[in-house]
Amino acid sequence: MYFAPVNSNLESAPLFIVGIGQSFDRFILSGEIGYSRISHDQSFQSAFDVTITQERYYDYFSFQGHLSFIPFPELESFQPYAGIFAGYGSLTDYRKKETENNNTEKLVQQDRLNLGLKAGLNIFPYSKVSLFIEGRYLYTPKKVTRNVYESQGILGDLVARETEYYFNAFTFGGGIKYYLD
């Protein structure tokens with residue numbers, strides 16, 4: 001999958017997901033875990049009118065439960081589905097410390113409830129192994145805080161200012177499903 005955030009401060013990134021599920025006629029109940037490293041570098045002007053970029057990233061872990069509905073179970077080649085999901089996301093904010101041999105500093109860790117909608121297509125759903133493509137919208141009801149650093153001129157150090165934004169995103173991609181009998 002590919003993670004495409006709505007907020008312009010965050011960059012798109014691959015999202016790696018592993019899941020397991022059980023089908024009940026037209027419904028599929030499943031759970032998954034996911035991981036992504038999302039860059040959110042910050043650029044600011046120094047006292048000498050030079051742009052400096054501070055390398056920052058989130059380690060994002062998600063744990064979600066899904067409920068999907070298959071409207072046309074009789075289709076054998078291509079089977080559309082739609083669903084909802086809810087779960088938990090954990091964001092840990094890191095920044096690189098250039099003065100210490102590229103060590104990283106953990107800034108803050110935040111846990112957030114995730115909700116969302118999804119739609120997809122199973123390709124050859126009745127074989128032992130099938131493919132799927134899927135699109136999702138991830139909504140986070142509580143805002144995420146992010147410290148933004150600003151230069152104070154020649155004699156000043158960087159000063160942190162707290163900002164808030166919703167960690168909403170679109171994800172799209174595909175994968176492989178293996179069916180246990």
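Check whether at least one residue in region 96-108 is at pLDDT below 95 and under 25 Å from MET1 (Cα atoms), and report yes or no.
There is no residue in region 96-108 that is at pLDDT below 95 and under 25 Å from MET1 (Cα atoms).
Filter region 154-181 down to the residues that are surrounded by 10 or more Cβ atoms within 10 Å (Cβ to Cβ) and in a loop (DSSP other than H, G, I, E, B), then identify the one that is modelled with the highest pLDDT.
Filtering first and then ranking leaves ASN168.
So, in region 70-81, how many residues would count as being touching a strand residue (DSSP E or B) at 6+ places or on another chain (Cβ under 8 Å) and surrounded by 13 or more Cβ atoms within 10 Å (Cβ to Cβ)?
5
Inside region 31-56, can you point out the residues that are modelled with pLDDT of 95 or more, buried (at least 16 other Cβ atoms within 10 Å of the Cβ) and either out of contact with any Phe, Trp or Tyr (no Cβ under 7 Å at 6 or more places or on another chain) or in a loop (DSSP other than H, G, I, E, B) (or both)?
GLU32
Filter region 57-88 for residues that are modelled with pLDDT of 95 or more and small (Gly, Ala, Ser) and give the result.
SER62, GLY65, SER68, ALA82, GLY83, ALA86, GLY87
The values are calculated or read from the model by the stated rules, or taken from the named source; none is laboratory data. Predicted model, so just to flag it, every value in this text is computed and none were measured. In this analysis, Cβ positions are derived from the backbone assuming ideal geometry, glycine residues included, and neighbour counts consider all displayed protein chains.
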